[in-house]
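So the structure is just underneath, and the comments pick up after that.
Coordinate-derived values only; no laboratory data. Just so you know, these numbers come straight off a predicted model, no measurement behind them. Using ideal geometry, Cβ is built from the backbone for each residue, glycine included, and neighbour counts are taken over all protein chains shown.
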Amino acid sequence: MSILLLAEHNNKNIMSSTLNSITAAKEINDDLHVLVVGYKNDSVAKDLSSIPLVKKVLQLDSSEYENQLAESVSPVIINIADQYSHILAPATTFGKNIMPRVAAILDISQVSDIVKIESGDTFIRPIYAGNALATIKSMDVKKIITIRPTSFDPAPTSGGNAAIEKITQLKNQTKSEFIRREESKSERPELSSARVVISGGRGLQSSENFSMINDLADKLNAAVGASRAAVDAGYVSNDYQVGQTGKVVVPDLYIAVGISGAIQHLAGMKESKVIVAINKDEEAPIFNIADYGLKADLFEALPKLSAELDKLNTIQK
Amino acid sequence: MKILVTVKRVVDYNVQIRIKPDGTGVETENIKMSMNPPDENAVEEALRIKESGKAEEVIAVSIGEEKAKETIRTALAMGADRGIYVKADSNIEPLAVSKILKAIVEKEKPELIIMGKQAIDDDCNQTGQMLSSILDWSQGAFISEIKFKDNHIEVTREVDEGLEMLKLKLPAVVTCDLRLNEPRYASLPNIMKAKKKPIDQMTVDELGVDVAPRIKQLKVIEPPKREKGIMVKDVAELVQKLKHEAKVI
């Protein structure tokens, strides 16, 4: 039986989470179909068809699906579920919003946020904010799974030539209605896929001070993150949040500035390859997982760091 | 209007969990337990809606072993009017929880259900969306704001790209992000008052719901430990290490 992945996209481009999920899906079964639901999404369908690991692209293109509401996308999947042994989506706010609806209607217990695939029915997933790893076996005939994107490499995007099959759907009757979306615009790399991430915490003390983090990010070509404390204090908006209830990041370099290292923050970044912590409290738990710790007042350390990076950039030029 | 809120008893968010030596799960005996944090936001929001005059009653539901009643008491002490306790094994899956809640909804007929977006023990993030779909009610997941209009609500959802605003017809199921509000503490007089508030009890069998597990937990292990690194003396040393030792800048 084939397996199905729901693609995350914005009607123009494929999101990186889709590429990671394709790699995971391939570990379950080679016969992978990818479903793209949206409006004026030809470029997405075309890009998906050129991914070598994709065997078939199913495209639903209709104005009613432009905003990909959970209530409209889930019936599309349910309608074609019969043909698939596994139905997958990235464990992002996109996939988390839609997949439990599909699972409940099909009377299947969903497997959320897997980080490793042991077999077609056995998976590893973090629980308790990543402080434990559970190996679990799904006993349902069909599996509904969401995939933690950062645990799988992105799939190669060129060289394939999968068929694109257009599909249609009966009248879409949702009880909710889209009003608008406010996307945070940034020239910086995307937080969940950036090679370098620099995050600020409560230690920054204000949103004005938080701009010091932004300046450093520009020098490092880094994405900017924040602890929940910084988000709650209103220094930055929630889409910056790294942690159990925010985003999970696995960059080559993670710099935590003025972040104490609450369990829920560590859940979002402790898999990073190299972790740097700058904090004035030497007892801060963040130092227990940092490769390089610097006990310092961040208001003195950050300008120095900025100057050192300038020096480095000058030498490299 | 009646509002139903769901509250789960979980290991307190400040507790460093311990994995049982035999790998069968996480130690929960003699550990500080609390209300799941986003569920506190759910209770708080329901109370604010009631206080603004748009709802008459707030009902707190919890499912699980006997001690789940303590979590209902916490919600009652915050200000909820009454509780419903469903006796069940502690490890029932979100799918089963959504079916139990559906059975309660059919009895109680609330117009709004407010839930936490995720429980911090199993981190599943499923139940609200499941309940919305099997009830065929409108869904607002991961919300950080809720506004009442004439016969609908407007919600702001926290999504990876930023914010999304939706108009939801009532009845609706919404799940809370931690940013929705700042939950109140229960005052001593309210804690005393809560002891007199009624909690209905029922069992899963009485509700006629099949809660047989569909997922078998084979083992639970600790994630690989990160070695503690070194402390550097100043910024210059840090940059040198990152450049020449870690080679990441």
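In this structure, the residue pairs whose Cα-Cα separation is over 27 Å, taken from A:LYS26/B:LYS228; B:LYS8/B:LYS216; A:LYS12/B:LYS99; A:LYS219/A:LYS247; A:LYS46/A:LYS219; B:LYS32/B:LYS87, are A:LYS26/B:LYS228; A:LYS12/B:LYS99; A:LYS46/A:LYS219. If I fit a long axis through the Cα atoms of helix B:94-108 and take the longest principal axis of the Cα atoms of chain B, what angle between them do I get, 0 to 90°, rounded to 10? So the helix axis and the longest Cα principal axis differ by about 20 degrees. Using 0.36 nm per residue and subtracting the Cα-Cα separation, the extra length available between B:LYS169 and B:GLN217 on full extension is 13.5 nm. Reducing segment B:49-103 and segment A:23-92 to their Cα centroids gives an inter-centroid distance of 36 Å. Taking label points 7 Å from Cα along the Cα-to-Cβ direction, B:SER187 and A:ARG180 give a separation of 4.0 nm. Each of A:SER63 and A:ILE164 was given a label point 7 Å from its Cα along the Cα-to-Cβ line. The distance between the two points is 2.1 nm. From the alpha carbon centroid of segment B:163-187 to that of segment B:112-157 is 7 Å.
Over all orientations, chain B has a Cα convex hull whose mean projected area works out to 18.0 square nanometres. Counting only other chain Cβ atoms within 10 Å of each residue's Cβ, the peptide B:237-248 averages 6.
Evaluated at q = 0.11, 0.15 Å⁻¹, the base-10 log of the normalised Debye intensity for chain A, with identical point scatterers placed on the Cα atoms, takes the values -0.74, -1.17. For the protein assembly as shown, the residue among B:SER138, B:ILE49, A:ILE22 whose Cα projects farthest onto the positive side of the dipole built from Cβ charges is B:ILE49.
Structural size metrics of segment B:94-177, computed from C-alpha coordinates, are Rg and Dmax of 12.6, 38 Å.
Each principal axis of the Cα atoms in segment A:191-316 has its own extent, and those three values, largest first, are 40, 27, 27 angstrom.
Taking one equal scatterer on every alpha-carbon of the protein assembly as shown, how large is log10 of I(q)/I(0) by Debye at q = 0.10, 0.11 1/Å? These q points yield log10 I(q)/I(0) values of -0.85, -1.04. Sorted ascending by nearby beta carbons within 10 Å, beginning with the fewest, A:TYR65, A:TYR235, A:TYR39 become A:TYR39, A:TYR65, A:TYR235. Across segment B:136-249, Cα pairs under 8 Å and at least six residues apart give a relative contact order of 18 percent.
Here the convex hull built on the C-alpha positions of segment A:2-166 has a volume of 98 cubic angstrom per residue. Sequence-distant contacts, meaning Cα pairs under 8 Å at least 6 residues apart, place the relative contact order of segment A:2-166 at 31 percent. A Förster radius of 41 Å combined with the Cβ-Cβ distance from A:GLU118 to B:GLU108 puts the calculated FRET efficiency at roughly 0.50.
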